[in-house]
Every structure is written in C-alpha cells, then in structure tokens.
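Heads up, the thing below is written out as structure tokens.
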Amino acid sequence: MGRCQSRREFLSTALRGAAGAALGWSALEAIAPRRAGCDVERPNVLFIAIDDLNDWVGHLGGHPQARTPNIDALADRGVTFTHAYCSAPACNPSRASLLTGVRPSTSGVYDNRQPLRKAMPDAVTLPQLFRQSGYRVIGRGKIFHGRYPDPQSWDEYIPKGREPRPETPPLNGIPETGNFDWGPLDVSEDEMDDAKVAAWCVEQLRGGLQEPFFLGCGIFRPHLRWYAPRKYFEMFPEDEIILPNVNEDDLDDVPETGRRFARTHDHEAVTSTDNWRRAVQGYLACGTFCDAQVGKVLDALYASPYAEDTIVVLWGDHGWHLGQKLHWRKFALWEEATHAPLVFAGPEIAAGGVSPRTVSFLDVYPTLVDLCGVQPPPGQLEGRSLRTLLEDPKAAWGTPAITTHRRNNHSVRTESWRYIRYADGGEELYDEVDDPLEWTNLADEPRLAEVKRNLGQWLPEVNAPDAPHE
C-alpha cells in the first residue's frame, strides 16, 4: 500500500516549483489540502501508554491532591472517557488485549508470564497492522509487556531501560519488600528512563518523521518501585497527605475468591510500619513525574508540523489500589483496579468532550483503525469503535465494560452497576450511583435478581484454557 503524503510534504514539494515559489509558503498554506495524495485521510498516531496509572489524575478526580496538568490539558483538547476500564487488571493481559483487540477470555492470556505470541501466533497487533498499512511504526519504552516487545510490530523500537535505584533499599523500611518500595531519589530527572523515553520521542517529533507515522511512547511510572527525583516528593508534604477513604470491614461481605485476591498482607505491612501516607505520597509523586514526561512529548508535538495531522491517544493499562478494600496493587475486579484514564485528541475530535459511557480498552484498536482509514484484520477485533462517542460524547452506547482476572472471573461494569462473578459462583453486585466506593455487596438481595440476570448476559461465553507460560 502506498504511503500518504503529508500536508507539510505537499507544501515543501509545491514550494520547489515555479508557481509555488511565486506564491510563497503562506499563500500555499492557505490553499493546500490538509493531506494530499490519499484517497482516505490518514492521520498520524501518537500512542501514549502509561503503566499502573489509575484515576488519580486531575480531570478524573480520583484523588484530590493529584497534580497532572499536562494530561488534564490533553483531556481539554479532546474527549476523555470518565468510565474507561481495562480488559484485565495486570500489565501483560491488559496490553495483550488492547494491542490485539482480543479478550483475555478468548486468548487465554490471563497473567504476566504468558507470551502473547504463544497464545496468538497469527494475531495482527495494532502497531503491526499500521506497519502493514504503510505507516512508519516506531516506539520506545513499555508498550507491550516488558518481556514480550514483539519485534515484528515495529520498524524501530527501543525497550524500557534500567532505572536508577537507591544504594540501600528499601527506602520505606518494610523488610523483604522486593519492588514494593517508595521514596525520593537524589538524581537528575534526565537519569530516569521515562525522561529518556520522552526525550527520544521529542527528538523524533523535532527531527522529521516519515508520514504517516505511528509513534509509541511507553511511560513506566507510576509502576513500582515508586522512585522519582526528590522535587516530585516535595510537592506532596507527607503530613498533608490525604488517605483514601477505607472501610475496615469492607471484605466482610465479599465471597471467598474476592477475599483471596485481596492482598491484605500488603495492607498490614503498610499500616504496621506507618507507611500509608508515605506510600500515597510516592504514588502521587510518580504520577506527577509521569505527567511531566507526557508534557514534554505533547509540547514537542504541538510545536511540530504534525500537530494538526496527529491523533493522540493516552491510556493507563489498568488501575491500582492503595488500601481500598484493604488491598494494594492491581490483580482484582473492583473499581480501583480496573478504572484508568483514556483520552483521544486530534483532527476532527471536538475539544473538551467528556463521555460518561462505560467503555473498554478493547475499543482502542477498532477506534484507531476507524479514525485512520485502516482495514482491520478480519474476524479478530472484539471491541467497538468509539467514533460515535468522539463525535457525540453523550450518545447512546449500551455496551458495558468487561474485565477478566484469571480464568472465568469477570466483572461487568455499566454506568450504574458493577457485577462480579467468580469461577466458583461467588458474586458481588455494587450500586455505583449510591455506593461508588463499593462498600456494600448487594448480590444476595432478592429485589435485584433481575439486575443480576441482565448483567450476567454480558459475561463471556468462552473461557479459554490458560495459554502457555514461558
């Protein structure tokens, strides 16, 4: 398939001609098509993936002290989805699902040690499809799960690099903590790998890219360990930190499998060492550090010739608990583990749109191919294009978001309800209007039996066996 000529390339070529030279750049710019030489307009794509970023961003209001001005400014430029949910609350299955458009329950990729290509050797990934469709596809940082970068998806790709670490960990003082650590580093920002990822993306945008392009920018923070330059911690004084609103009896009405998923030992470790405020401080600091890197890349885009021809999509791969339901990390089917940012901005996407519809990250792949005029791989995609909601954020939708954690454990999320059914038959039902913190499990209420039946119709009919592990 031939490559589309960008507006900038069209203008440069025209300027070299006699007629163009006589008119000059400004006059040419006024009459030039936005994109020349294409039957279908094919915008560029800036694809920003953020690891472990929950709804603690300013425009989603997940925490009152979150400071993410650059992500919030992007939301103001486009459409943000206030109820966007991951396909799986873990890095590998979430990313494998988003990047193939296939549900975990269809592929069997349920955890972090199941290579995508062992499960789906013939799947065409999102960047791979753009590459096959004439795009220049490049990226740096964490896009696919770190162990499985999928070289066939890229023309050029640089994986996540090593991070600076303290000389004497753990900084939080919790014994045998592994990567469950947080604290400030006395290093320059440029030493952090996320800053190197951002600088590389800036260099690409400034250096002249073959168009159309797909540029992947994978930001690792706020993934553990929560290390960032000291100045980011100083933005959130420990004694001023606001803790999440937690019900100490929250697991009492949760069925056995749900209680087993809850990492109550982490909560005990944090609270018994007086680390809760320091942990929240660490997550907020790393979120702001992440936002600063995103800002560098967006500033470079807006200053580049590609600004008007580039779709930006920004997403966090899943949510994160910081004590809610006495749980830490992801690996659960509740709101905090499954809810994350999703923003689209760019040509023909109205600025300032806010959609309250429940959507899935499974919908990102079909949305981008729809917006870019790329033909999807036949029979592969299980999500829906969000184009209708990008045009009218409050349009009727009617499709809930399904999240799967391990085999045959699912959550169905609508604007009003969350219904969880575990493999052993255990159930949870939460009224998201009156109980957004999900403190009261209503699954045993006879008056809500019809609600459960209706939500249960959306549960996946296929629950594939576990894909091969590495």
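Below are the figures for this structure:
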| read-out | value |
| --- | --- |
| Unmet requirement for Gly295, which otherwise passes all of (1) in a helix (DSSP H, G or I); (2) surrounded by fewer than 24 Cβ atoms within 10 Å (Cβ to Cβ); (3) in contact with a Leu (Cβ under 7 Å, 6 or more places away or on another chain) | (3) |
| Qualifying residue in segment 144-152 (condition: in contact with a helix residue (DSSP H, G or I) (Cβ under 7 Å, 6 or more places away or on another chain) and of a type in the set (Phe, Trp, Tyr)) | yes |
| Failed criterion for Thr80 (all others in (1) within 15 Å of the chain's Cα centre (by Cα); (2) farther than 29 Å from Trp397 by Cα; (3) hydroxyl-bearing (Ser, Thr, Tyr) hold) | (2) |
| Selection status of Glu438, outside any loop (DSSP other than H, G, I, E, B), under 16 Å from Leu251 (Cβ atoms) and touching a strand residue (DSSP E or B) at 6+ places or on another chain (Cβ under 6 Å) | no |
| Count of segment 64-106 residues which are in a loop (DSSP other than H, G, I, E, B), open to solvent by 10 Å² or more (accessible area, probe 1.4 Å) and out of contact with any helix residue (DSSP H, G or I) (no Cβ under 7 Å at 6 or more places or on another chain) | 2 |
| Identity of the residue in segment 48-63, assigned to a strand (DSSP E or B) and β-branched (Val, Ile, Thr), that ends up farthest from Asp194 (Cα to Cα) | Ile48 |
| Residues within segment 145-186 that are outside any loop (DSSP other than H, G, I, E, B), farther than 24 Å from Asn112 by Cα, of a type outside the set (A, V, I, L, M, F, W, C) and open to solvent by less than 30 Å² (accessible area, probe 1.4 Å), tallied | 1 |
| Filtered residue count, segment 363-378, keeping only those that are more than 12 Å from Val102 (Cα to Cα) and surrounded by 19 or more Cβ atoms within 10 Å (Cβ to Cβ) | 6 |
| Index of the failed condition, Pro460 passing every other in (1) touching a helix residue (DSSP H, G or I) at 6+ places or on another chain (Cβ under 9 Å); (2) under 25 Å from Phe344 (Cβ atoms); (3) not in a helix (DSSP H, G or I) | (2) |
| Qualifying positions in segment 427-444 - free of Cβ contacts under 8 Å to residues at least 40 places away in the same chain and exposed (fewer than 15 other Cβ atoms within 10 Å of the Cβ) | Val433, Asp434, Asp435, Asp444 |
| In segment 227-265, the residues that are open to solvent by 10 Å² or more (accessible area, probe 1.4 Å) and of a type in the set (Asp, Glu) | Glu234, Glu238, Asp239, Glu240, Glu248, Asp249, Asp252, Asp253, Glu256 |
| Members of segment 414-426 found to be over 14 Å from Phe261 (Cβ atoms) and open to solvent by 10 Å² or more (accessible area, probe 1.4 Å), listed by number | Thr414, Glu415, Ser416, Trp417, Gly425 |
| Residue list for segment 298-331, restricted to those being closer than 20 Å to His59 by Cβ and part of a strand (DSSP E or B) | Ile311, Val312, Val313, Leu314, Trp315, Gly316, Leu322 |
| Test: residue in segment 207-218 that is farther than 30 Å from Val312 by Cα, crowded, with 19+ Cβ neighbours inside 10 Å and in contact with a strand residue (DSSP E or B) (Cβ under 7 Å, 6 or more places away or on another chain) | no |
| Trp397 vs. criteria of a type outside the set (A, V, I, L, M) and open to solvent by 70 Å² or more (accessible area, probe 1.4 Å) | no |
| Filter result for the condition that a residue is open to solvent by less than 10 Å² (accessible area, probe 1.4 Å), of a type outside the set (D, E, K, R), closer than 26 Å to Pro104 by Cβ and in contact with a His (Cβ under 7 Å, 6 or more places away or on another chain), over Leu333, Leu342 | Leu333 |
| Qualifying residue in segment 345-356 (condition: of a type outside the set (Asp, Glu), assigned to a strand (DSSP E or B) and within 15 Å of the chain's Cα centre (by Cα)) | yes |
| Residue among Val124, Val109, Val137 that is in a loop (DSSP other than H, G, I, E, B) and surrounded by 24 or more Cβ atoms within 10 Å (Cβ to Cβ) | Val109 |
| Which numbered condition Thr388 misses (of (1) farther than 22 Å from Leu251 by Cα; (2) in a loop (DSSP other than H, G, I, E, B); (3) open to solvent by 50 Å² or more (accessible area, probe 1.4 Å)) | (2) |
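Here's the yes/no breakdown for (1) under 15 Å from Asn54 (Cβ atoms); (2) within 20 Å of the chain's Cα centre (by Cα); (3) modelled with pLDDT of 95 or more; (4) among the hydroxyl-bearing types (Ser, Thr, Tyr):
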{"position": "His267", "(1), (2), (3), (4)": "no, no, yes, no"}
{"position": "Gln281", "(1), (2), (3), (4)": "no, no, yes, no"}
{"position": "Val294", "(1), (2), (3), (4)": "no, yes, yes, no"}
{"position": "Ala300", "(1), (2), (3), (4)": "no, no, yes, no"}
{"position": "Ser304", "(1), (2), (3), (4)": "no, no, yes, yes"}
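The values are calculated or read from the model by the stated rules, or taken from the named source; none is laboratory data. Not measured: the values here are computed from a predicted model. Neighbour counts run over all protein chains shown; Cβ positions are idealised from the backbone, glycine included. These area figures cover heavy atoms from the full protein model, side chains too; ligands, DNA and RNA do not enter into them. Shrake-Rupley method; radii C 1.70, N 1.55, O 1.52, S 1.80 Å.
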